[in-house]
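What follows is one structure encoded as structure tokens, with my remarks underneath.
The values are calculated or read from the model by the stated rules, or taken from the named source; none is laboratory data. Nothing here was measured: the structure is a model prediction, and the numbers come from that model. Here the Cβ positions follow ideal geometry from the backbone for every residue, glycine too, while neighbour counts run over all protein chains shown. We work out accessible area using only protein heavy atoms, side chains counted, and drop any ligands, DNA or RNA first. Shrake-Rupley method; radii C 1.70, N 1.55, O 1.52, S 1.80 Å.
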Amino acid sequence: MATMVRSLAVAAVVAVLFLAASGGPAAAFNYADALDKALLFFEAQRSGKLPPGQRVAWRGDSGLSDGAAAGVDLVGGYYDAGDNVKFGLPMAFTVTMLSWSVVEFGDGVPRAQRDAARAAVRWGADYLLKAATAAPDTLYVQVADPYQDHRCWERPEDMDTPRSVYKVTPQSPGSDVAGETAAALAAASLVFRSCDPAYSSKLLRVAQKVFDFADRYRGSYSDSLSSVACPFYCSYSGYHDELLWAASWLHLATQGQGAGAADVYLSYINSNGHTLGAEQDDFTFSWDDKRVGTKVLLSKGFLQSKMDGLRLYKAHTDTYICSLVPGVNGFQSQYTPGGLLFKEGDSNMQYVTSTAFLLLAYAKYLAAGGGAVSCGGAAVPPSALVAAAKRQVDYILGANPAGMSYMVGFGARYPRHVHHRGASMPSVRDHPARIGCDEGFRYLHSGEPDPNVLVGAVVGGPGGDDGFADSRDNYAQAEPSTYTNAPLVGALAFFAARGN
């Protein structure tokens, strides 16, 4: 009887969290269309020589001499958000999450969407390969001085601020950014294993070398490059989480590759996990902190492959999931009145999309292994995790008190004043003449809608009261980023495959 009462109580909690419609009745969204748009955003963020199939026509070539001053080729990659800097840590995380999205949920979508997702992965991975192989014992981790870049409001095609390059070496280590780069290359190798084996093998070889570099020469790039990495993308969590995260991806990527390579990384995980964060509970997954993501990823090995040595990671993943469920033992999250997961600070949607992805990935692993989440003796089934993720994704797409989609170009009402240089200014196609550094600020502060619709971009989103100010000056709420969209690609692929 007690078990039945407890189960009913959990069911009630799940209903309150996942089925409550503070923003109105549950809506049916075209997730496939949202996925198309989410992927299109990455084309708007491209740096370098744009390919013939470029669909975002208002963008042009940019950064074509990146790296030249240092005698290396660093052309390509992505601008992380609304500026023109190429930051290595969030870019690598973007590639990792795009890759994880394809690996877990890519098979359920049409080939055209799968190809677009692979193209997004490849554009970032190609750049990371350049950054990792340009010079021995060196990883290039940033292009452009962010202070100089932020002093101007320029289209990427016009930028004339210094394109300085920054690197980590044995003498100036950066295990955090190097670890994330290794994770990204290893994850990307899985994306291309069947469709481009030669490229996949290259990605994996370089991933292994970069991981060895990260592990051998330990230190944080926030210390080595503090003047340009901070406060923009400081590695506040340190580098231990990236080392364990990278080892986990290499363990997955080397399975079936012969010579016991996967066993080497599993041994590393088992030997070093306790010092690299395996027993630390954390409740935020982002470009900075990988601890929760690592636990979910390693839980796959326990739940699907019955690797008993990874049981610990399942227990800690359960702790994380319980932190999201009101009313159960371990709950400690904050939600807006409209039901959006909310973290203090800027760009809240990055945490919403990463959480939604982890919920869906873990639900998949649990369902495959016949498991459930244990919250103080109460069991939360995989279906509840899916419902939780759907509530967050639907909020982004318009099921919220404001009735606004926070994905640009999706739905009838969406942000029109995005904190993004290229979107806010006339395109080079429409205005070929250069727009200078200071001249551009009139577009930043203009009340006119963006002349170029940044289709698919998910902005930072509303505050803790569900309020949102659609203003370019409001960067905390109005700026998009690649690392916000990347995990959303996986979530949208999941729901698109399920249908409405």
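Out of SER201, SER222, SER194, SER172, one residue alone is open to solvent by less than 20 Å² (accessible area, probe 1.4 Å) and more than 18 Å from GLY76 (Cα to Cα). It is SER222. Quick check: anything in segment 490-498 over 18 Å from GLU344 (Cβ atoms), open to solvent by less than 20 Å² (accessible area, probe 1.4 Å), of a type outside the set (Asp, Glu) and touching a strand residue (DSSP E or B) at 6+ places or on another chain (Cβ under 7 Å)? No, segment 490-498 contains no residue that is over 18 Å from GLU344 (Cβ atoms), open to solvent by less than 20 Å² (accessible area, probe 1.4 Å), of a type outside the set (Asp, Glu) and touching a strand residue (DSSP E or B) at 6+ places or on another chain (Cβ under 7 Å). Just one of the listed residues (ASP126, ASP73, ASP137, ASP66) is farther than 19 Å from LEU454 by Cβ and open to solvent by less than 10 Å² (accessible area, probe 1.4 Å), and it is ASP66. In segment 191-206, the count of residues that are among the small types (Gly, Ala, Ser) and under 20 Å from the mean Cα position of the chain (by Cα) is zero.
Filtered by the rule that a residue be over 20 Å from CYS322 (Cα atoms), touching a Ser or Thr at 6+ places or on another chain (Cβ under 7 Å) and assigned to a loop (DSSP other than H, G, I, E, B), segment 339-362 gives a lone residue, SER347. If I ask for residues that are among the charged types (D, E, K, R), assigned to a loop (DSSP other than H, G, I, E, B) and touching a Gly at 6+ places or on another chain (Cβ under 9 Å), which ones from segment 30-83 would you list? The answer is LYS49, ARG59, ASP61, ASP66, ASP73. Considering TYR443, TYR414, TYR475, TYR483, the condition of being buried (at least 23 other Cβ atoms within 10 Å of the Cβ) and aromatic (Phe, Trp, Tyr) is satisfied by TYR483 alone. Answer yes or no: is there a residue in segment 384-399 that is at pLDDT 95 or above, open to solvent by 30 Å² or more (accessible area, probe 1.4 Å) and more than 23 Å from the chain's Cα centre (by Cα). No.
Any residue at all in segment 195-212 that's under 14 Å from GLY88 (Cβ atoms), in contact with a helix residue (DSSP H, G or I) (Cβ under 6 Å, 6 or more places away or on another chain) and in a helix (DSSP H, G or I)? Yes: one or more hits.
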